[in-house]
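Engineer: Please see the structure below; I have some questions.
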Amino acid sequence: MLGNPNLVYILLIIGVYALNIEVTHPGAVVPGVAGVICLIIAFTSYQVLPINTMGLLMIVGAFVLFLLELKFVSHGLLSAGGVALMVFGSLMLVDSPDPLMRVNIWLIIGTTGTTAFLILIALAAVIRTHKKRVMTGAQGMIGLIGKATTAIAPEGKIFVRGEYWNARAAAGEAIADGARVEITALDGMTVVVKRVER
């Protein structure tokens, strides 16, 4: 069975996938154990198949690029490099002139296509998360609409997001009690506000 290059390739890909899951979700344990077992079985094929070390390193490098894409969003550049490495590494994995001793091209296309699809889904989720408005800290306050509970001329109090805040009017404008205000900045524990139309 270890002489079957397709089986070895599948075990290698499953092993690298599982270790990637373990790295991105520390403590899951099961993916890590399964990945190590798959890789050990795949690596024993070195004794049976003429495995090309460069092809193997290219496949591992592809998964490293996929991980880096999720950490440092390059808008697909690292993923494209990973896909190219995975395809060439897969084609080079078994160093034999006999076509029957090489990994099936359709298996390579299916595996690479599935991997690229999963990376695109994960990448879209990462980009969507980065674009979300900050909801906590000082940045989360800016842009909120509240209500003046006292006259602000130039200082007073407002009510926003269930809390009372000390407020200061931007540019020293006078804001009447009950007016709607928008927070434009945060100065310590005081918010800087401007009047907004109803």
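The values are calculated or read from the model by the stated rules, or taken from the named source; none is laboratory data. Predicted model, so just to flag it, every value in this text is computed and none were measured. Cβ: placed from backbone, ideal geometry, glycine included. Neighbour counts: every protein chain shown. Ligands, DNA and RNA are stripped out before the accessible areas are found, and what is left, the full protein with its side chains, is counted by its heavy atoms. Shrake-Rupley method; radii C 1.70, N 1.55, O 1.52, S 1.80 Å.
Engineer: Just to be sure I follow the definition: excluding the sites themselves, where is the longest run in the chain that has none of the GluC sites (Glu not before Pro) in a DSSP loop with at most 14 other Cβ atoms within 10 Å?
Structural biologist: Counting at most 14 other Cβ atoms within 10 Å as exposed, the longest clean stretch of the chain is 1-172.
Engineer: Only sites in a loop by DSSP and with at most 12 other Cβ atoms within 10 Å count here; which chymotrypsin sites (Phe, Trp or Tyr not before Pro) in the stretch 50-104 make the cut?
Structural biologist: Here the chymotrypsin sites (Phe, Trp or Tyr not before Pro) that fit, given the DSSP loop and packing criteria, are Phe72.
Engineer: Something else: Can you give me the Rg/Rh ratio for the stretch 1-64, using Cα atoms for both radii and the Kirkwood formula for Rh?
Structural biologist: With Rg and the Kirkwood Rh in hand, the quotient comes to 0.99.
Engineer: Using a Gaussian network model of the chain with C-alpha springs under 10 Å, which one of Val87, Val64, Val160 is most mobile by mean-square fluctuation?
Structural biologist: Of Val87, Val64, Val160, the Gaussian network model singles out Val160 as fluctuating most.
Engineer: Still on this structure, please answer the following. Give me the 1.4 Å probe accessible area per residue for the stretch 57-106, excluding ligands and nucleic acids, in Å².
Structural biologist: 57 Å²
Engineer: For the stretch 1-148, which whole percent of the accessible surface, found with a 1.4 angstrom probe, sits on carbon and sulfur atoms?
Structural biologist: Accessible surface attributable to carbon and sulfur in the stretch 1-148 totals 75 percent.
Engineer: If you average the sequence gap of Cα pairs under 8 Å that are 6 or more apart and divide by the length of the chain, what percent do you get for the contact order?
Structural biologist: 13 percent
Engineer: Cα-based count: Lys pairs in the chain below 30 Å, eight or more positions apart or different chains?
Structural biologist: 10
Engineer: Then there's this: What do you reckon, how do Tyr17, Tyr164, Tyr9 stack up by accessible area (1.4 Å probe), largest on top?
Structural biologist: If we order Tyr17, Tyr164, Tyr9 from most to least accessible, we get Tyr164, Tyr17, Tyr9.
Engineer: Would you mind pulling out the separation of the Cα centroids of the stretch 163-198 and the stretch 97-120, in Å?
Structural biologist: So the two Cα centres are separated by 60 Å.
Engineer: Give me the net charge of Ala185's neighbourhood, meaning all other residues with Cβ under 13 Å from the Cβ of Ala185; Lys, Arg count +1, Asp, Glu -1.
Structural biologist: Combined, the nearby Lys, Arg, Asp and Glu give 0.
Engineer: Nearest 500 deg cm²/dmol is fine: what mean residue ellipticity at 222 nm does the chain get from its DSSP H runs of n ≥ 4 alone, each adding -39,500 (n - 2.57), divided by its residue count?
Structural biologist: Taken over the chain, the calculation gives -17000 deg cm²/dmol.
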